[in-house]
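Have a look at the structure below before the remarks.
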Amino acid sequence: MSQWQGKINKIGECRWEIPQDYKSGMKVPGLVYADDKMLNVIREEQSLEQVANVAFLPGIVGCSMAMPDIHWGYGFPIGGVAATKVRDGVVSPGGVGYDINCGVRLLRTDLDEKEVKPKIEELINHLFRNVPSGLGSEGKIKVSEKEIDEVLRLGAEWAVKRGYGSEQDLEVTEERGCMKMANPDKVSARAKKRGAPQLGTLGSGNHFLEVQVVREIYDTGAARLMGITHMGQVLLLIHTGSRGLGHQVCDDYLRVMGEAVRKYGIALPDRQLACAPIESDEGRDYLAAMACAANYAWANRLCIAHWARESFVRVLGKKIEDIGLEQVYDVAHNIAKIEDHMVEGKRQKLCIHRKGATRAFPAGQSDVPEKYKSIGQPVLIPGDMGRCSYIALGTDRAMQETFGSTCHGAGRVQSRGAARRGSRGVDVAAELAAKGIYVKADSMESLAEEASCAYKDVTDVVEVTHKAGISKKVAMATPIGVIKG
Amino acid sequence: MENKFEVIDHTADIGIVAYGGNLNELFANAARGLFSLITDIDKIASKVSKKIELDDRDPESLLVAWLNDLLYTYEVGSTIFGDFDVTVSEDNRLSANCYGEKVDPQRHHLRREIKAATYHNIHIAGASGLYSARVIFDI
């Protein structure tokens with residue numbers, strides 16, 4: 001793959017602009033958050049061209065943005081943020097992706113590393129049995145076709161009704177785990193058939209469950225509000241999404257949007273960017289179906305958290321109250337949301353596409369849970385399984401510059417093939433074990449494809465967002481046990 | 001039939017380039033390429049057959065619809081296919097018989113999950129004699 005030769009100019013600390021005149025048809029400039037070294041790596045592939053392509057979307061405002069974990073996706077870059085006007089802009093399913101509401105859920109504990117470490121193998125093995133994961137995995141929950149509609153309508157609330165969580169979990173979940181615009185009638189029978197048996201499964205690929213230990217605390221006040229009090233404290237991080245249901249919703253609506261592009265005469269540089277006006281039948285139907293998939297994902301992560309709680313109780317032989325496995329927060333990183341933002345001095349209703357990006361609202365915002373009103377919304381940024389993950393907070397600067405968005409993870413630098421070849425003959429599990437990380441995976445191919453070398457160092461990514469002021473660091477944790485689907 | 005496809009690297013995902021002397025062969029080879037990403041296609045026996053009929057507005061859309069239909073069938077029915085008789089007509093209709101079997105964990109090693117075939121830079125090139133198509137999958 002050749003290096004990207006387009007125009008890009010440094011416009012400030014960790015900020016780069018792709019000028020609007022780079023490509024005829026761009027409606028706004030591109031804005032990329034990266035440091036000098038990172039930009040050179042980003043230029044090795046075509047993701048910056050994708051930033052420019054997204055700028056073609058009708059009704060886009062501000063800039064077509066890319067977070068520092070940007071990498072080459074299909075249509076949108078991964079790490080992309082695009083805001084379109086609800087009144088006369090479009091919604092693009094490719095700006096959300098196939099894994100709708102792929103996201104992360106963080107739980108804290110009252111346990112210390114020294115208590116958990118001796119039992120980590122037993123704990124991970126128990127979690128591996130108790131949380132369905134891997135290729136073709138089916139869930140332990142049986143839902144009828146009628147009940148799947150309830151999951152799609154209610155999201156995490158459905159899981160709470162079924163005893164898989166509590167009101168406290170909902171309070172610290174983005175959207176309280178339920179997007180109200182969900183309408184199960186807009187989700188195809190195929191999507192429901194695909195999704196019903198997979199509810200409560202981790203899946204495969206980059207999805208994981210990690211037992212982590214707090215290594216650094218940068219903001220003790222904010223950390224304390226999140227229940228993170230000291231170094232050596234054990235955390236649990238869950239990363240998964242809407243499984244086959246979301247994939248099918250995306251595919252179904254890309255076909256609908258393919259027709260809509262012709263009907264509304266929209267010119268696009270890549271078919272994967274297919275879109276329709278937000279205020280059209282196609283646009284409204286997609287948002288109603290996407291919300292269903294998002295709700296499914298929130299229910300999914302809550303069910304998985306429930307079984308993880310069970311496993312901790314079983315393996316550690318303690319009561320759940322003494323383990324204190326309470327949810328810190330749950331964020332979506334593949335989603336489109338209708339939000340109010342200031343554009344050129346006026347408050348406007350926008351559709352914010354976050355494709356591999358996290359919402360990062362500051363203190364005081366109405367959508368930030370009561371518990372975190374004074375500090376801002378927690379942002380969860382997982383790294384690869386051999387390094388670390390970060391907890392951060394949304395900022396006013398993010399609200400002003402990025403429509404309240406920041407990065408979502410490390411971002412790949414190596415293709416899966418290259419990662420596999422790079423680790424050929426190397427036992428990835430043994431390498432991690434040498435670092436004190438016990439890993440259990442369903443597929444060795446998957447494990448090799450997810451090796452550390454395939455990713456940017458998440459620390460570099462988080463440093464850029466911290467320096468740029470679009471989120472600020474609170475704490476860092478490293479894994480001691482990992483389940484890879 | 002030889003494996004008339006290649007697997008290509010893409011940073012976040014994975015792709016294939018499929019070849020064929022005509023659209024029928026191209027579509028069959030693309031399907032074989034898809035299942036080669038999932039498992040070892042040489043180990044798929046032809047025990048069951050499934051008929052698939054589709055239509056779409058152009059050959060590229062039809063190719064994506066075809067691959068995603070196979071992924072759907074695989075996911076809901078745990079059925080993998082290794083052999084295909086495909087007929088693609090000039091008005092973008094597809095009729096196919098797919099031969100394969102249910103996944104048997106004893107014999108079939110599953111490699112990875114494929115979420116979907118994407119439309120990203122999808123392009124069918126060529127004319128009489130040699131067709132090729134590049135498809136990127138989301139994984």
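Brief remarks on what is shown
- Under a 5 Å amide H cut-off, with hydrogens placed 1.01 Å from N, A:Gly383 pairs with A:Cys388, A:Ser389, A:Tyr390 among residues at least 5 apart or on other chains.
- Using a Gaussian network model of chain B in which every pair of alpha carbons under 10 angstrom is joined by a spring, one finds that among B:Val103, B:Val86, B:Val48 the greatest mean-square fluctuation is at B:Val48.
- Anisotropy class of region A:1-142 from Cα gyration tensor, a/c 1.5 cut: prolate
- Neighbour counting of Cβ atoms within 10 Å sorts the residues A:Asp340, A:Asp251, A:Asp36, A:Asp285, fewest neighbours leading, into A:Asp36, A:Asp340, A:Asp285, A:Asp251.
- Local electrostatic count at B:Ala65 - Lys and Arg +1, Asp and Glu -1, tallied over other residues with Cβ under 14 Å: -4
- Under the convention that each Lys and Arg Cβ holds +1 and each Asp and Glu Cβ holds -1, the size of the dipole of chain A around its Cα centre is about 440 debye.
- Listed by chain and number, the lysines whose alpha-carbon sits under 25 Å from that of A:Lys467, ignoring those within fewer than 8 places in the same chain, are A:Lys7, A:Lys10, A:Lys37, A:Lys355, A:Lys373, A:Lys456.
- Prolate/oblate/rounded label for region A:137-291 (Cα gyration tensor, a/c 1.5): prolate
- Listed residue (A:Gly469, A:Cys407, A:Ser47) projecting farthest to the positive dipole end of chain A, Cβ model: A:Ser47
- This ranking places A:Cys292, A:Cys388 by how few other beta-carbon atoms lie within 10 Å of each, fewest first, which gives A:Cys388, A:Cys292.
- GNM result for chain B, Cα springs below 10 Å: residue of B:Lys102, B:Lys47, B:Lys115 fluctuating most strongly: B:Lys47
- Taking a quarter of the surface of the Cα convex hull of chain A gives a mean projected area of 20.5 nm².
- In order along region A:194-200, phi translates into HN-Hα couplings of 5, x, 4, x, 9, 5, x Hz, rounded to whole numbers, per the Karplus curve 6.51 cos²θ - 1.76 cosθ + 1.60 with θ = phi - 60° and x for Gly and Pro.
- Equivalent ellipsoid of region A:22-64: semi-axes from √(5λ) of the C-alpha gyration tensor, largest first, are 21, 11, 7 Å.
- Whole-angstrom gap from region A:41-115 to region B:101-139, using each part's C-alpha centre: 24
- FRET efficiency for the pair B:Ala45 and A:Glu370, taken as 1/(1 + (r/R0)^6) with r the Cβ-Cβ distance and R0 = 60 Å, rounds to 0.50.
- Averaged over peptide B:107-113, the number of partner chain Cβ atoms lying within 10 Å of each residue's Cβ comes to 6.
- Residue among B:Ser78, B:Ser128, B:Ser49 with the largest mean-square fluctuation in a Gaussian network model of chain B, springs linking Cα atoms under 10 Å: B:Ser128
- Count Lys and Arg as plus one, Asp and Glu as minus one, and take only other residues whose Cβ is under 13 Å from that of B:Lys47; the net charge is then +1.
- Counting every pair of alpha carbons in region A:258-354, the share spaced more than 22 Å apart comes to 54 percent.
- Seen from a random direction on average, the alpha-carbon convex hull of region A:71-110 projects onto 4.6 square nanometres.
- Number of partner chain Cβ atoms within 10 Å, mean per residue of B:118-127: 5
- Residue order, fewest to most surrounding Cβ atoms within 10 angstrom, among A:Trp16, A:Trp158, A:Trp298: A:Trp16, A:Trp158, A:Trp298
- Charge context of B:Ala96, other residues only, Cβ under 10 angstrom, K/R +1, D/E -1: -1
- Among the listed pairs A:Lys161/A:Lys319; A:Lys337/A:Lys472; A:Lys119/A:Lys440, none has a Cα-Cα distance over 24 Å.
- Once Rg and the Kirkwood radius are both taken over the C-alpha atoms of region B:16-138, their ratio Rg/Rh works out to 0.95.
- Just so you know, the Rg over Rh for region A:154-222 is 1.07, from Cα atoms, with Rh as the Kirkwood radius.
- When region A:10-85 is reduced to its Cα atoms, the Kirkwood hydrodynamic radius in Å: 12.0
- Candidate lysines for bridging to B:Lys47, where Cα separation is under 20 Å - those fewer than 8 sequence places away on the same chain excluded: B:Lys102
FYI, it's all coordinate maths here, none of it is from the lab. Quick caveat, the model's predicted, so the values are computed rather than measured. Please note: Cβ atoms are built from the backbone with ideal geometry, for glycine as well, and neighbour counts cover all protein chains shown.
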